[in-house]
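Here it is, the structure, as structure tokens.
What follows draws every value from the coordinates through simple rules; no lab data is involved. Because the structure is predicted, anything quoted here is derived from the model rather than measured. With ideal geometry, Cβ positions are generated from the backbone for all residues, glycine too; neighbour counts draw on all protein chains shown.
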Amino acid sequence: MRRLGLTIPATFIVASLLLIDPTHAADAKSFDIPLWANGAPGAKGKEPKDIPLAMVRLPASDSPTGALVICPGGGYGGLAMGHEGNEMAEWANQMGLAAIICDYRHKGKDYGHPAPLQDAQRAIRTVRAKATEWNIDPSRVGILGFSAGGHLASTVLTKFDAGDSQSADAIEQKSSRPDYGILAYPVILFGQPATHKGSERNLLGPSPDPKLVESFQSDLNVTKETPPTFLFHTLEDKGVPPQNSVAFFAAMIRHGVAGELHVFEKGAHGLGLAKKTPGTSEWPNVCRRWLEAKQFVTVQVK
């Protein structure tokens, strides 16, 4: 453009790209909405940090798809939106699942308990309330969480309700129980030596009541009603030791909850898809096979 000495208005360039870019149609299926249209419970203001979002990424599909609510990690002090949010949404879309990244409130936004749980539960309810509009099967809504986001997801998997049928809010009428869970190197053992103390502190404060801490040790909250759950961890994880996943899976066994646990040898904490870690990079494929076997994902016939 510069060699010809032409100045082309930016609006013309954008308009031209909309006409010739074949991927733009897919972009139209990506949008963000506030989880609470009239303000989140306990909101301290009206700034962006006070407005938790559902970041919706819908795949192209003629028939209703399953959905996956994604909770990135970050120690309840931030959100690892890249490798534990956006990349996981792409992975979900590639499997034909709708992806909803939960931009939940956390300590970095000046929020602790109960805000993260309220936001994640609201995300599950929202997906079910919007099922027809978003072309989603409301009986195939799962939750995926990493690290502290894994703790949040494990809390959603063990602390849920059927919804309030008397609520004037149509979203609050829906169940917050996921149909399945995926926990990636999750924090589970609040109050125990093998936990991640930073996550515990950011969520519950510096000196929480011991009973409150115990109530968020997720393996103690597993019951026969806990949804089927897939877990993966690594032996080399020093940030959140694998004992966390082992404890949750042992509780699943005690209560007859279906699922799988995979502990890979290699990889430090925070791997995401683990693309560059031999062996551990198989976890997304192993997880997909589990989802297909449980019929949460449609088997692709080649």
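In what sequence, highest mean first, do 35-48, 206-219 appear when ranked by Cβ atoms within 10 angstrom?
Values: 35-48: 12.6, 206-219: 15.6.
Highest-to-lowest ranking by the protection proxy: 206-219, 35-48.
Modelled label-to-label distance, ASP209 and LEU235, 7 Å Cα→beta-carbon offset: nm?
Result: 4.2 nm between the two label points.
Given the DSSP H assignment, sum -39500 (n - 2.57) over each helix run of at least 4 residues in the chain and divide by its residue total; what's the result at 222 nm in deg cm²/dmol, nearest 500? Numbers along the way, then the final one.
On the way: 10 runs with 91 residues, N = 302.
The helix-only estimate for the chain comes to -8500 deg cm²/dmol at 222 nm.
Distance in nm between label sites at ALA268 and SER167, each 7 Å beyond Cα in the beta-carbon direction?
My value for the distance between the label points is 4.1 nm.
Relative contact order of the chain, please, whole-number percent, based on alpha carbon pairs below 8 angstrom and at least 6 residues apart. Let's see the in-between values first.
Working: 611 pairs, mean separation 42.5, N = 302.
The value is 14 percent.
Taking K and R as +1 and D and E as -1, what net charge do the other residues with C-beta under 9 Å from the C-beta of ARG177 add up to? Please list the in-between numbers first.
Details: positive: none; negative: ASP161, ASP179, GLU225.
So the environment of ARG177 carries a net charge of -3.
Also: Exactly which trypsin sites (Lys or Arg not before Pro) in segment 226-293 are in a DSSP loop and have at most 15 other Cβ atoms within 10 Å?
Working: sites: LYS238, ARG254, LYS266, LYS275, LYS276, ARG288, ARG289; in loops: LYS238, LYS266, LYS275, LYS276.
Sparse-neighbourhood loop trypsin sites (Lys or Arg not before Pro): LYS238, LYS266, LYS275, LYS276.
Between the alpha-carbon centers of segment 172-243 and segment 69-101, tell me the distance in whole angstrom.
Distance between centres, Cα-based: 18 Å.
How far apart, in nm, are the 7 Å Cα→Cβ label points at GLU225 and LYS46?
In this crude spin-label approximation the distance works out to 3.8 nm.
Also, I was wondering about something else. Using Cα springs under 10 Å in a Gaussian network model of the chain, which residue among ALA54, ALA170, ALA247 shows the largest mean-square fluctuation?
Most flexible of the set in this elastic network: ALA170.
How big is the C-alpha Rg of segment 167-258 next to the rule-of-thumb value 2.2 N^0.38 Å, as a ratio?
Working: Rg = 14.8 Å, N = 92, 2.2 N^0.38 = 12.3 Å.
Dividing the Cα radius of gyration by 2.2 N^0.38 Å gives 1.21.
Under the Kirkwood approximation for Rh and a Cα-based Rg, what ratio Rg/Rh is obtained for the chain? It would help to have the intermediate numbers written out before the result.
Numbers: Rg = 20.1 Å, Rh = 20.0 Å.
Using Cα coordinates only, the ratio equals 1.01.
Over 25 Å between C-alpha atoms is what I'm after, so list which of LYS211/LYS266; LYS130/LYS294; LYS107/LYS159; LYS46/LYS107; LYS159/LYS294; LYS238/LYS275 land there.
Values: LYS211/LYS266 35 Å; LYS130/LYS294 23 Å; LYS107/LYS159 21 Å; LYS46/LYS107 17 Å; LYS159/LYS294 22 Å; LYS238/LYS275 19 Å.
Exceeds cut-off: LYS211/LYS266.
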